[in-house]
Amino acid sequence: MSDLPTNLKTNPRLSNWLSIEAGGRVEVRSGKVELGQGITTALARIAAQELDVAFTRIAMRPASTDGAPNEGFTSGSLSVQDSGSALRQVCAETRALFLDEAARRMEVSPADLVVRDGEIRVRGAAQLPGTSYWELAGVISLDRDATGQAPPQAPRTSDADEPQRLDLPAKILGQPVFLHDLELPGMLHGRVLHPPSTLALLRDVDIMAMKGLPGVVEVVRDGSFLGVIAHTEQQAALALRKLESVARWDEQATLPDANALPAFLRSQPAETTVVSERNLDAAAPEGRRFAASYAKPFLAHASIAPSCGVARFAADGSRLEVWTHAQGVYPMQRDLGLLLEQPASSITVTHVPGAGCYGHNGADDAACEAVLLARAVPGRAVRLLWSRADELGWSPLGPAMSVDVKATVDDGGRIVDWEHEVWSNGHSLRPGRASYPVFRAAMFLGKPFTAPVAINMPVPTGGGAERNSIPTYGFPRHRVTNHRVLAMPLRTSALRGLGAVGNVFAAESFMDEIAQQLGVDPLAFRLRHAADDRTRAVLEEAARMADWQGRKAREGEGWGLAFARYKHNGAFCAAVAQVDVQRDVRVRNLWLAVDVGRVVVADGVRNQLEGGAIQTVSWATREEVRFDATRVTSDSWESYPILRFSEVPAVHISLLDRPAEKSVGAGEATHGPVAAAIANAVADAVGVRVRELPLTRERLEQALQQA
């Protein structure tokens, strides 16, 4: 058991993962959910390759607490790395069991057998009768634990035989595949009136004014939680407008100055930890000293579709079914049990895809609100849908960050000391980790639960605010400190990449600033400090793709380079950005060289990298949550603009496939390097450094005035 992949250690039963059916199909169950990242396709390919069956025989089942292994959350670019490795071992052991039984029947050694699309034959003896997985399905029981004794097969992948994405055809054809499209018999529709500001409490509401409204089934109030249930979606929406007009709230000013977030973060109570230190016992080295401060704002998830949840209680209230597009079905099951004070085993949570997910958005909260409404109408399903204003103003935000970086450079032009210090709220407030439910509605009930404070996950599992704060380069001495800000005026949680975006933006901007002051080419400076060959390889490949040495910038054009290894143990990514800076920053080209180890589905990896890079362009040049003293004000696409299709740059990708290395995730590898590369390119274009994201016209003008 000690050699099993982590997710298989916690879910060792083979039958939880896999079923071989006599009809010629392989059913695969995973605790990871399809978020549009193509994970179902990648896992299906792993199973098909390891079992030696056609890809079309694999049937992927959605994650559900009814039978799938508990793999926690689909996050952190860990699905292929963790779930993929577990499934690969499950399939290897399953294949070995079937080969052992076939060998016994044929009176040969398992090593003499070959499998082709589930058919088992003696190697080189096609004339002899064989058997198959399907024939033996009723004989071999997978109701046993994995042992780790069956080694997976040697890697063999090629772009030529890559399968098409399982999830895309229905989406492209506009078929009803999203949770928002789900229709259940007798389903009702709900809306929740969220408080107008962060800590507003409901003073009173004229429930009688709601009587007689068309289609209204129930008005639900529990403390400051207020919602309406109607027969149709339109009736629910109209009833919500009426409810808003008859509800009165007590509000208070609790939010900081949105234009001075670094100062706010540094002034608040914080839990300080030393993340990493190296060779601090020795005397501080002499040399030229550099220092700079950087910052990023609060960011919204800005999913294209607002969050949705569907819930149904049994008529007697004894059981609950929930359909959600959240990232973790088992953590939600646990927290719903705490919320309702009933056994988690009486709750079934099933994943159905939503349109857009980049971390802990409003999906968990929408599901919770659907449950609270459905409790009022047992036996009937209730579909709860958020508005755009709900999604941008009420779901958890990616935390703001302030980062100080200092370095000492010796006479040879090498960094000999490095300090990295972070101030930020925690980056995780997901369900399943506290002793009480963390759904936002839980804080507004008549018997409210504790208002939680976001945490950071342990550094060995990726960390939170401190993610990618430990230097990847080979600096001989360093110290990294994190200050987890405990005051949380805005609710924060996991947004794609967590602290990696802010930390890599700071560290890689700082690398460029030092190189510039030393008069050294940014690529040469990074190669000088590269800690291993894989780092050098992606840097050199990105530079080759972009013709870094031959670049010639026109007026207003700039080029920038950046590198990071995600979470220090994940994908290696080097990025080059070409930008035009006229009135605004326009990214024209991105070149990405990426090493994710063994590539499972190259097209899927490229999609993830390209999507992450484009999202980062939006973050780096556009996105910023705005708020006044009481509430978030950026609650529409007009006040929270994202990148338009016409502004999307050309993205050029080179994958450095390493079949002998373990597979790691690609979904969050590009964010930090791309943000930093854009910042470095802007500095190259205008000759001044902007150290706070996003790189807006106003910040550029301010930097030019201060230069």
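Residue-by-condition table, conditions (1) on the phi < 0 side of the Ramachandran plot; (2) of a type in the set (A, V, I, L, M); (3) at pLDDT below 95:
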{"residue": "Lys447", "(1), (2), (3)": "yes, no, no"}
{"residue": "Pro452", "(1), (2), (3)": "yes, no, yes"}
{"residue": "Ala465", "(1), (2), (3)": "yes, yes, no"}
{"residue": "Thr472", "(1), (2), (3)": "yes, no, yes"}
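Scoring Arg440 on the criteria (1) in contact with a Cys (Cβ under 9 Å, 6 or more places away or on another chain); (2) surrounded by 24 or more Cβ atoms within 10 Å (Cβ to Cβ) leaves a single failure, condition (2). Here Asp281 qualifies as modelled with pLDDT under 95 and surrounded by fewer than 17 Cβ atoms within 10 Å (Cβ to Cβ). Taken over region 420-434, the criterion of being assigned to a strand (DSSP E or B) and closer than 14 Å to Ser402 by Cα is satisfied by His420, Glu421, Val422, Trp423, Ser424.
Considering only region 584-606, I want to know if a residue exists there that is assigned to a loop (DSSP other than H, G, I, E, B), buried (at least 18 other Cβ atoms within 10 Å of the Cβ), of a type outside the set (S, T, N, Q) and on the phi > 0 side of the Ramachandran plot. Yes, that holds for at least one residue. Among all positions in region 653-661, there is at least one residue which is among the small types (Gly, Ala, Ser), surrounded by fewer than 20 Cβ atoms within 10 Å (Cβ to Cβ) and modelled with pLDDT under 95.
Considering only strands (runs of 3 or more DSSP E) fully contained in region 137-247, which possess at least 3 residues that are of a type outside the set (Asp, Glu) and touching a Gly at 6+ places or on another chain (Cβ under 7 Å)? Strands (runs of 3 or more DSSP E) meeting the threshold: 188-192, 225-230. You will find that of Val690, Val674, Val682, the residue that is open to solvent by less than 40 Å² (accessible area, probe 1.4 Å), more than 14 Å from Val587 (Cα to Cα) and either β-branched (Val, Ile, Thr) or modelled with pLDDT under 95 (or both) is Val690 and no other.
Candidates Val216, Val192, Val205, Val228: the one that is among the β-branched types (Val, Ile, Thr), open to solvent by less than 30 Å² (accessible area, probe 1.4 Å) and over 34 Å from the mean Cα position of the chain (by Cα) is Val205. Can you confirm whether Ala577 is open to solvent by 30 Å² or more (accessible area, probe 1.4 Å) and touching a residue at least 24 places away in the same chain (Cβ under 8 Å)? Taking the combined requirement at face value, the residue does not satisfy it. Look at region 338-359: where a residue is closer than 16 Å to Phe178 by Cα and a partner is of a type outside the set (Asp, Glu) and part of a helix (DSSP H, G or I), sitting 6+ places away or on another chain with Cβ atoms under 6 Å, you get Val349/Val329; Val349/Met332; Val349/Gln333; His351/Val329; Val352/Leu179; Gly354/Leu179. Scanning region 468-485 for residues that are polar (S, T, N, Q) and either more than 11 Å from Thr272 (Cα to Cα) or open to solvent by 20 Å² or more (accessible area, probe 1.4 Å) (or both) yields Asn468, Ser469, Thr472. Taking region 303-414 and the strands (runs of 3 or more DSSP E) fully enclosed by it, the elements with 1 or more residues that are open to solvent by 30 Å² or more (accessible area, probe 1.4 Å) are at 308-313, 320-324, 347-351, 401-409. Report yes if some residue within region 526-542 is in a helix (DSSP H, G or I), farther than 22 Å from Ser654 by Cβ, touching a residue at least 24 places away in the same chain (Cβ under 8 Å) and open to solvent by 10 Å² or more (accessible area, probe 1.4 Å); otherwise report no. The answer is yes; a qualifying residue exists.
Of all residue pairs spaced 6 or more apart or on separate chains, those with beta-carbon atoms under 7 Å, a first member in region 650-672 that is farther than 27 Å from Gly359 by Cβ and a second member that is basic (Lys, Arg) and outside any strand (DSSP E or B) are Arg658/Arg598; Pro659/Arg598. Of the residues in region 293-309, not one is at pLDDT 95 or above and β-branched (Val, Ile, Thr). For region 149-170, the criterion of being open to solvent by 30 Å² or more (accessible area, probe 1.4 Å), in contact with a strand residue (DSSP E or B) (Cβ under 9 Å, 6 or more places away or on another chain) and either modelled with pLDDT under 95 or among the hydroxyl-bearing types (Ser, Thr, Tyr) (or both) is satisfied by at least one residue.
Scoring Glu623 on the criteria (1) open to solvent by less than 20 Å² (accessible area, probe 1.4 Å); (2) without any contact (Cβ under 8 Å) to a residue 60 or more places away in the chain leaves a single failure, condition (2). Selection of region 450-467 for residues being assigned to a loop (DSSP other than H, G, I, E, B) and surrounded by 19 or more Cβ atoms within 10 Å (Cβ to Cβ) yields Pro452, Ala454, Asn456, Met457, Gly462, Gly463, Gly464, Ala465, Glu466, Arg467. Only residues that are open to solvent by 70 Å² or more (accessible area, probe 1.4 Å), more than 20 Å from Arg479 (Cβ to Cβ) and in contact (Cβ under 8 Å) with a residue 40 or more places away in the chain were counted in region 249-278, giving 5.
Inclusion of Pro129 among residues that are within 40 Å of the chain's Cα centre (by Cα) and modelled with pLDDT under 95 is not warranted. Has region 394-408 got at least one residue that is β-branched (Val, Ile, Thr) and within 30 Å of Gly611 (Cβ to Cβ)? Yes, some residue in region 394-408 is β-branched (Val, Ile, Thr) and within 30 Å of Gly611 (Cβ to Cβ).
The values are calculated or read from the model by the stated rules, or taken from the named source; none is laboratory data. Everything numeric in this text was worked out from a predicted model, so none of it was measured. Cβ: placed from backbone, ideal geometry, glycine included. Neighbour counts: every protein chain shown. Accessible surface is based on the protein model in full, side chains and every heavy atom, while ligands, DNA and RNA are left aside. Shrake-Rupley method; radii C 1.70, N 1.55, O 1.52, S 1.80 Å.
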